[in-house]
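First comes the structure, then the notes that go with it.
Just so it is clear, none of the values below were taken in a lab; they were calculated from the coordinates. This structure is a prediction, so every number in the text was calculated from the model and none was measured. Cβ: placed from backbone, ideal geometry, glycine included. Neighbour counts: every protein chain shown.
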Amino acid sequence: MTATPTAGVPQERRLVTAIPGPKSAELLARKQAAVADGIGVTLPVFTARASGGILEDVDGNRLIDFGSGIAVTSVGNSAEAVVRRATRQLADFTHTCFMVTPYEGYVEVAEALAELTPGDHAKKSALFNSGAEAVENAVKIARAYTKRPAVIVFDHGYHGRTNLTMALTSKNMPYKNGFGPFAPEVYRVPVAYGYRWPTGPENAGPEAAAQAIDQITKQVGAENVAAIIIEPVLGEGGFIEPAKGFLPAIQKFANDNGIVFVADEIQSGFCRTGQWFASEDEGLVPDLITTAKGIAGGLPLAAVTGRAEIMDAAHAGGLGGTYGGNPVACAAALGSIETMKELDLNAAAKRIEEVMKSRLGAMQEKFPAIGDIRGRGAMIAVELVKDPESKEPDAALAGALAKACHAEGLIVLTCGTYGNVLRFLPPLVIDENLLNEGLDIIEAAFAAQV
């Protein structure tokens, strides 16, 4: 596992104050006075520098990063190619609005997406700022193409915080509570959540697909459905990998009924699961694919990429946005993709999976609270339960473990519909010694808590 240049930040954990330290505490007080309370903070340490697998705060503490800004800095912070290309673009121009006077970088990103996304059909892209924007525009495109209104989404799914994407998102708190009413013509159906499927994981794929298709057919009518949208690995819902066979069955139903099949790869894309896109695991070729997060090394960029005839369904002027495909973000994306190719970050993600699952599997034998270990590549999670037989979720333990890890200088995140999942999203360039040190901290936290 080889890291990118570290931009002067030593790749070692160092604690010189309590977490958070006094300077971070001062900045947190300023944040509380000036920033809306609705903007929460997982760990109130204020970043001064970051690179590779280390984040350095304003107090001089160096923390191991198992979060990557929620799967954004997959190539690490300050990756050389990202900095080089973005800096060069900043010196040339920062903005013109592609819809007014276009520029080559936007076209280059669209060409790269056509090359990298699954399928060898003719593809086109439209660029935006955030994952939620990408999902909203995928719905717009699908409706324009099919002339149908309904959208199908899945239990435990997450698609964003805007009005339409809140409607698409399954979890109420903290994403939806108090913000309705939501957009209509959105229908939710079961997903093959193997660990919690009533008849066991071996039955989850075919049974969940049959239930979902039955509900769509009876409650909505396939002829009314514009799009089926699903994350190939469900992110905020708990890193749920739909049981084998489920996704191909859903895509076949979509194809057979003229429904646009949309893969939301915002969290799972760009080498995160050990493949360019998680859809590739079961040979899926989505009609449309939404991307963001890892695409641009930390700069805001998102995309909808798909079959040319579907992407062209929207009328001229129907897609866009002032900042969509900003030239600096496009330059960063090209640097990020360059880094992924040069360092073979798909292979790096697979090595991270090998190390993490081996270590976590050993922990599971000692700590029955680890009910399930799942995920692929550098998108790994453990689901925590009060009892392995009842599988009652243990959100309190997840919170306590995260807090313990934070105190020791390891950034980890929680997720899951029940709030009981610890998720790990290390940068794909993390040094293997740091990876194992982070796992040591996790193991010690378990030993202290259970």
Check: Near residue 74, within a Cβ-to-Cβ distance under 12 Å, what is the net charge of the other residues, with Lys and Arg +1 and Asp and Glu -1?
Finding: +1
Check: Principal axis lengths of the range 82-342 from Cα atoms, whole Å, largest first?
Finding: 59, 40, 37
Next item on the list: Take each uninterrupted DSSP H stretch in the chain, measure its Cα extent along the helix axis, and return the ones at 24 Å or beyond whose mean Kyte-Doolittle hydropathy is at least -1.0.
Entry: 345-366, 432-449
Checklist line | Amide hydrogen neighbours beyond the local backbone of residue 450, cut-off 5 Å, H modeled | finding: none
Item checked: residue 123 long-range amide H proximity, modeled H, under 5 Å -> 308
Notebook entry, point to check: How far, in nm, would the chain grow between residue 185 and residue 14 when pulled straight, counting 0.36 nm per residue and subtracting the alpha carbon separation?
Noted result: 56.4 nm
Next item on the list: Note down the relative contact order for the range 190-229 as a percent, whole number, built from C-alpha pairs under 8 angstrom at least six residues apart.
Entry: 32 percent
Check: Dipole of the chain, Cα-centred, from +1 at each Lys and Arg C-beta and -1 at each Asp and Glu C-beta, to the nearest 20 debye?
Finding: 820 debye
Check: Across every pair of different alpha-carbon atoms, what Kirkwood hydrodynamic radius in Å does the range 343-442 reach?
Finding: 13.7 Å
Item checked: Cα-based Rg and Dmax for the chain, where Dmax is the largest Cα-Cα distance (Å) -> 21.4, 62
Checklist line | For the range 51-188, alpha-carbon Rg over 2.2 N^0.38 Å | finding: 1.34
Check: In nanometres, what is the gap between the two model label sites at residue 389 and residue 403, each 7 Å from Cα along Cα-to-Cβ?
Finding: 3.0 nm
Next item on the list: For the range 85-126, report the translational diffusion coefficient in µm²/s to the nearest whole number, using Stokes-Einstein at 10 °C, 1.306 mPa s, and a Kirkwood Rh over Cα pairs.
Entry: 134 µm²/s
Item checked: Helix-only CD estimate at 222 nm, as mean residue ellipticity for the chain, using -39500 (n - 2.57) per DSSP H run (n ≥ 4) -> -11500 deg cm²/dmol
Checklist line | Relative contact order computed over the chain (Cα-Cα under 8 Å; 6+ residues apart), in percent | finding: 23 percent
Item checked: Distance (nanometres) between label positions extended 7 Å along Cα→Cβ at residue 436 and residue 323 -> 4.2 nm
Notebook entry, point to check: Which one of 310, 292, 259 has its Cα pushed farthest toward the positive end of the charge dipole of the range 240-371, where Lys and Arg give +1 and Asp and Glu give -1 at the Cβ?
Noted result: 292
Next item on the list: Express in whole angstrom the spacing between the alpha-carbon centres of the range 371-450 and the range 154-218.
Entry: 24 Å
Item checked: Separation of the residue 34 and residue 210 label points, Cα + 7 Å toward Cβ, nm -> 5.9 nm
